[in-house]
Every structure is written in structure tokens, then in C-alpha cells.
Amino acid sequence: MRVLMTGGGTAGHINPALAIASTIKKNDPNAQIEFVGTARGLENTLVTKEGYKLHHVNIMGVSRSLSPRNIKAAFLMISSQFEAKRIIKEFKPDIVIGTGGYVCWPALKVAARMGIPTVAHESNARPGLAIRQLQGSLDKILVNFKETEAYIAAKEKVVHVGNPLRGGFGGFDYQSAREKLGIPDEKTYVLAFGGSLGAQRINETVFAYMKHLDKQGGDVICHLATGKNYYEDFSAQFKAAGLDKNEDLCMMEYIHDMHVRMSAADIIICRAGAMTISELAMMKKACVMIPSPNVVDNHQYKNAKVLADAGAVVMLEESGLDDALFSDTVDGLAASPEKRSELEKNISEFAKSDANKHIYGEILALIKK
């Protein structure tokens with residue numbers, strides 16, 4: 001099997017592609033898999049780290065407002081198709097799979113025109129512009145949320161499969177993870193993070209909560225990953241406040257053992273990216289979601305709203321966030337195992353434990369057809 005994967009710009013598009021690639025390799029070790037991205041995106045780090053060949057096309061996103069930038073974007077939409085066609089003719093894929101972001105547009109568009117099977121996977125509740133524009137050309141549209149179908153006219157192409165997850169998540173049970181991290185049974189473990197680069201508002205709010213915990217004492221352990229962009233500043237504040245002397249509080253730049261820490265956590269504070277949601281659902285975790293307001297189409301809010309409406313998460317919007325509200329919310333969950341249990345049960349309804357298997361089956365069926 002020869003598979004061309006495309007999607008990039010952010011980890012939210014790249015990680016699903018890598019998870020699908022891993023699933024294909026697990027089922028077909030002889031599969032040949034290559035990727036298409038841009039020279040600017042995060043795929044240059046994440047994809048190459050996994051050992052896959054990465055081809056580049058030159059394309060850029062369209063501005064939602066009137067802008068001279070859109071003239072260049074329109075030109076690149078045309079020229080990038082010639083680049084994609086050259087890549088496809090050289091690699092000769094049996095199928096082309098896109099996971100969103102504007103970079104997936106030329107390869108999927110050209111492949112469909114050449115009669116090569118095409119599949120798109122959409123992780124977010126509301127599909128991105130590229131997939132909405134391509135839906136008439138695609139053979140299959142695989143979705144994470146059932147609600148996504150409402151935004152797609154070609155409903156006969158939609159298959160609800162969930163999100164592909166990479167190895168590790170779900171591999172640790174709660175008790176084993178806590179023992180590995182040295183977390184006592186009587187402590188409530190709060191884990192907070194805002195992504196690999198970080199989220200300033202989450203950092204500020206959780207840092208204030210840590211000072212609150214340090215002052216009041218109690219049975220809550222709180223660990224915060226600030227992200228690369230904010231670690232130097234917040235770690236200095238953490239030490240200046242004397243919080244580094246409190247063994248129940250910890251500030252780190254990045255979480256390298258995320259699957260272990262998420263398994264051990266009682267409450268998780270996070271953004272509302274689609275992959276994070278799928279991991280939380282698989283692991284049945286109570287969480288407070290603070291959607292990023294700085295993403296295209298406000299898709300994190302839409303992701304979190306689906307869960308909040310189902311009683312599966314507590315959602316706090318960044319625009320209305322203050323330290324007192326946050327502390328009251330987290331303290332309330334820490335004091336109520338019953339409420340956490342309800343959230344855990346409800347979010348588990350969004351888990352698709354067979355997502356990888358289902359996605360691979362759809363890929364095989366389309367190639368055979």
C-alpha cells in the first residue's frame with residue numbers, strides 16, 4: 001500500500017495524520033507512507049522526527065477579511081496544484097489522506113481529479129475551510145464528532161469514526177500511574193496545561209490558584225506545564241513566590257509523560273483541541289476546558305460547547321475568566337467525587353475505542369473499491 005498523507009500547520013492537524021500513519025504501518029508493515037506539508041509548518045519537526053519523508057508545497061491560508069494577502073493566496077492555490085501533481089506522479093499513491101489545514105487542499109484536489117481515492121479526516125466539531133471546499137471531490141469524510149455532519153452537504157460521504165490516537169493513551173490505569181508518580185491516595189491531583197507552546201491566560205490563572213493552594217493548604221496537588229514560550233517567566237514567578245518549596249506544587253515547561261500524568265489525574269485543566277478531547281474521553285477524565293479564542297473559526301469553543309452541553313466538561317470562557325471563579329470551580333470539583341464521576345461518565349460517551357481500527361477499515365475498503 002502506498003499512502004500519501006497531507007495536513008499540517010499545527011499539531012491538531014499533524015498528530016491525527018501521524019496516528020493514521022502508525023495504524024497503517026501496524027497493520028501493513030510494508031506500507032510506503034509519505035507526507036505533504038509546507039516548509040513553514042510544525043510538520044517539519046513532528047513528521048520528520050517519526051522518520052517519514054516530507055514533501056513541500058507552497059501555499060498559504062486565505063484571510064477571512066479583505067486583504068492584499070488573498071491575491072497571493074489565490075495565486076498559490078493554483079501553483080501549488082502543479083507541485084502536488086508532480087509529487088503524486090512521482091510517488092504514485094494508492095490513496096491520499098488529508099487531516100485538515102490549508103496545506104491538504106492541493107494534494108486532495110489534484111488526487112481526486114486524477115481518479116486516486118481520497119479521504120479527509122476532520123477532528124473538530126466544525127470542519128475547516130479546506131475540507132468544506134473539498135467535500136464535493138472527496139470519496140470519504142471521516143469525522144470525530146457526530147455533530148460535524150450538520151456542516152457537510154455531502155452527508156452520504158460522512159462516516160463517524162472518532163479520532164485516531166497514538167500509542168500510550170489508555171495504557172496506564174489510574175492507580176498504577178499514581179504509584180509511578182508518587183501521588184498519595186488521599187490527594188486530589190490537578191493537572192494543567194495549555195499546549196506545547198503554552199497559553200498565557202491559563203498560566204496566569206493556574207499560577208494564582210497555586211498561590212491560593214499554598215496559602216490554604218489541603219489535599220490538592222497541582223502541576224502546571226507552562227509551555228515553551230512562558231516557562232522562563234512563570235518559573236521565575238513561581239520561585240519568587242516561594243511555591244517551589246511546596247512539594248504539592250510543580251511547574252514544568254513540557255509534559256513528556258502525558259499519558260501517565262493524565263491517567264493519574266483527578267481533574268485536568270486544558271484547552272479544547274480535538275486530540276486532547278479524544279484522549280480525555282478515552283481516559284474518562286473530569287476536566288475544566290478553557291477554549292482558545294485565538295483559533296480559526298473559534299473551533300475550540302465549538303468543540304467544548306458540544307461536550308459542555310452534554311454535561312461532559314466544565315467550560316470556562318477566557319473572556320469571563322477570573323481567579324476567584326476558577327478557584328471556586330476547581331475547589332468544587334476537588335471536594336465532590338460525585339461531580340467528577342458524573343463528568344467522567346459523560347465524557348466517556350464521546351470515546352471511540354475502535355477509532356484506529358475503523359479508520360483503517362475505511363481506507364482498505366476505499367482502495368479495494
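The values are calculated or read from the model by the stated rules, or taken from the named source; none is laboratory data. None of these values were measured; they are calculated from a predicted model. Methodologically, a virtual Cβ is constructed for each residue, glycine included, from the backbone with ideal geometry; neighbour enumeration extends over all protein chains shown.
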| message | If I filter region 325-337 down to residues being in contact with a helix residue (DSSP H, G or I) (Cβ under 6 Å, 6 or more places away or on another chain) and surrounded by 19 or more Cβ atoms within 10 Å (Cβ to Cβ), which single residue comes out as nearest to ILE290 (Cα to Cα)? | response | PHE326
| message | Checking the conditions here, which among VAL206, VAL119, VAL158 is crowded, with 18+ Cβ neighbours inside 10 Å, of a type in the set (Val, Ile, Thr) and either under 16 Å from the mean Cα position of the chain (by Cα) or assigned by TED's automatic domain parsing to the domain that holds GLY332 (or both)? | response | VAL206
| query | Does ALA225 satisfy the condition of being surrounded by 14 or more Cβ atoms within 10 Å (Cβ to Cβ) and either over 22 Å from LEU181 (Cα atoms) or in contact (Cβ under 8 Å) with a residue 40 or more places away in the chain (or both)? | reply | no
| request: Name the one entry in MET289, MET251, MET275, MET315 that is crowded, with 17+ Cβ neighbours inside 10 Å, assigned by TED's automatic domain parsing to the domain that holds LYS339, in contact with a helix residue (DSSP H, G or I) (Cβ under 9 Å, 6 or more places away or on another chain) and modelled with pLDDT under 95. | output: MET275
| remark: Okay, helices (runs of 4 or more DSSP H) sitting entirely in region 245-317 with 3 or more residues that are closer than 18 Å to GLN175 by Cα, I get 258-264, 274-283
| said: Residue under question is ALA199, and the condition is that it be among the aliphatic types (A, V, I, L, M), in the same structural domain as ALA241 (by TED's automatic domain parsing), farther than 28 Å from GLY98 by Cα and surrounded by 15 or more Cβ atoms within 10 Å (Cβ to Cβ); does it hold? | reply: no
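Being surrounded by fewer than 20 Cβ atoms within 10 Å (Cβ to Cβ), hydrophobic (A, V, I, L, M, F, W, C) and within 13 Å of ILE97 (Cβ to Cβ) is the requirement here; does MET1 meet it? Can you show your working first?
Values: surrounded by fewer than 20 Cβ atoms within 10 Å (Cβ to Cβ): yes; hydrophobic (A, V, I, L, M, F, W, C): yes; within 13 Å of ILE97 (Cβ to Cβ): yes.
Yes; evaluated as a whole, the condition is true for this residue.
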| query | Pick from region 122-140 the residues that are surrounded by 24 or more Cβ atoms within 10 Å (Cβ to Cβ) and without any contact (Cβ under 8 Å) to a residue 40 or more places away in the chain: which of them is nearest to ALA274 (Cα to Cα)? | reply | GLU122
| query | Is it fair to say LEU108 is at pLDDT 95 or above, assigned by TED's automatic domain parsing to the domain that holds LEU364, in contact with a Gly (Cβ under 6 Å, 6 or more places away or on another chain) and within 26 Å of VAL296 (Cβ to Cβ)? | reply | yes
| query | Which of (1) out of contact with any helix residue (DSSP H, G or I) (no Cβ under 6 Å at 6 or more places or on another chain); (2) farther than 19 Å from SER292 by Cβ; (3) assigned to a loop (DSSP other than H, G, I, E, B) does HIS223 not meet, given it meets every other one? | reply | (3)
| message | So, in region 338-354, how many residues would count as being surrounded by 13 or more Cβ atoms within 10 Å (Cβ to Cβ) and part of a helix (DSSP H, G or I)? | response | 9
| task | Could you check region 97-163 for strands (runs of 3 or more DSSP E) lying wholly inside it with 1 or more residues that are among the aliphatic types (A, V, I, L, M), within 21 Å of ALA84 (Cβ to Cβ) and out of contact with any Phe, Trp or Tyr (no Cβ under 6 Å at 6 or more places or on another chain)? | result | 118-122, 140-143
| said: Here is a check on your reading of the model: is ASP322 at pLDDT 95 or above, out of contact with any Lys or Arg (no Cβ under 9 Å at 6 or more places or on another chain), surrounded by fewer than 17 Cβ atoms within 10 Å (Cβ to Cβ) and in the same structural domain as ARG340 (by TED's automatic domain parsing)? | reply: no
